[in-house]
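Heads up, the thing below is written out as structure tokens.
The values are calculated or read from the model by the stated rules, or taken from the named source; none is laboratory data. Just so you know, these numbers come straight off a predicted model, no measurement behind them. FYI the Cβ positions are ideal-geometry reconstructions off the backbone, even for glycines, and counts take in every protein chain you see.
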Amino acid sequence: MQIIDGKATSAQIKKEIAEEVEQRLAKGLHRPHLAAILVGHDGGSETYVANKVKACEVCGFKSTLIRLEDSVSQDELLAHVEALNNDPDVDGFIVQLPLPRHIDEQAVIEAIDPAKDVDGFHPVNVGRQSVGLPCFHSATPAGIVELLRRYNIPTRGKNVVIVGRSNIVGKPLAAMLMQKGEQGDATVTVCHSATPDLASVTAKADILVAAMGRPGFITADMVADGATVIDVGTTRVPDASRKSGFRLSGDVDFEAVAPKCTAITPVPGGVGPMTIVSLMLNTLEAARRRD
Ligand code: GUN
């Protein structure tokens with residue numbers, strides 16, 4: 001059984017990005033610039049955004065963080081989005097999700113200029129991805145595909161089962177893995193809360209992706225011997241033994257499932273760091289397009 005080390009892989013990719021940034025600067029090209037809008041003080045979102053800012057430093061990018069209070073109105077938030085759309089110094093930006101309930105998340109996503117949508121959430125990028133055109137790929141699915149590629153885990157002709165149909169993981173990952181090509185060509189099944197006898201479907205997976213946000217949900221009986229298991233879950237579970245008071249839990253019962261697998265991602269240190277590195281790759285691509 002092999003542990004798929006997203007932390008080490010992401011560190012290697014950040015090194016590659018930093019080298020390209022150095023080459024860009026030596027040629028007189030501009031330093032890539034990522035901006036992020038963070039609304040409110042949700043602990044998980046704070047951590048994600050802090051990690052994105054840190055990754056920018058490691059990659060040699062400029063970063064800008066715009067913090068807004070929970071009470072911000074939709075119009076104020078949209079005005080910030082518009083300002084970033086029009087800022088020639090910004091290559092790409094993200095609005096960290098989730099947003100407070102009084103804000104229409106989809107309206108905010110649709111207000112982002114698709115050319116600066118380095119999260120790949122705008123319907124223009126989603127649509128371009130689904131028909132196989134150049135686009136900004138959604139960061140978590142792109143990170144998973146890159147992990148499989150770097151670990152030489154083929155997808156061609158394989159049964160991939162994805163549990164979870166979210167707009168930011170399940171749906172775009174299914175679209176990527178079913179595309180023609182070396183990193184696609186899989187037979188993809190997407191399961192969700194209305195799937196009957198889920199275990200009978202997951203047990204047929206060569207590659208099983210758990211992305212529903214339910215700690216420890218995937219148990220050993222749901223996994224085929226020799227499967228590759230990708231765990232996207234990162235739920236904060238109360239843990240009094242930790243200084244922080246919580247630990248991150250994946251959607252897979254790692255201790256029980258790992259011995260059955262050919263390869264498996266841990267939580268933390270699996271998919272999470274790859275999501276951030278995909279965002280860096282999208283930002284670098286946005287900068288290249290604006291050269
Ligand atoms: N919230 C959870 N994951 C993400 C992500 O990849 N991008 C943004 N903007 N918000 C998120």
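Things worth noting here:
- A search for C-beta distances below 8 Å between a residue of the stretch 274-285 that is closer than 12 Å to ASP117 by Cα and near the ligand (Cβ under 8 Å from one of its atoms) and any residue that is of a type in the set (Gly, Ala, Ser) and in a helix (DSSP H, G or I), counting only pairs 6+ apart in sequence or on different chains, returns LEU279/ALA55; LEU279/ALA139.
- Residues within the stretch 45-90 that are closer than 18 Å to GLU16 by Cα and aliphatic (A, V, I, L, M), tallied: 3
- When each of SER241, SER278 is tested for being at pLDDT 95 or above, of a type outside the set (D, E, K, R) and closer than 20 Å to CYS59 by Cβ, the lone residue that passes is SER278.
- Conditions (1) surrounded by fewer than 18 Cβ atoms within 10 Å (Cβ to Cβ); (2) not in a helix (DSSP H, G or I): number failed by PRO259: (2)
- A residue that is within 20 Å of ARG165 (Cβ to Cβ), of a type outside the set (A, V, I, L, M, F, W, C) and not in a helix (DSSP H, G or I) occurs somewhere in the stretch 239-250.
- Members of the stretch 90-101 found to be more than 10 Å from the ligand (Cβ to nearest atom) and either closer than 18 Å to ARG67 by Cβ or in contact with a Gly (Cβ under 6 Å, 6 or more places away or on another chain) (or both), listed by number: VAL90, PRO100
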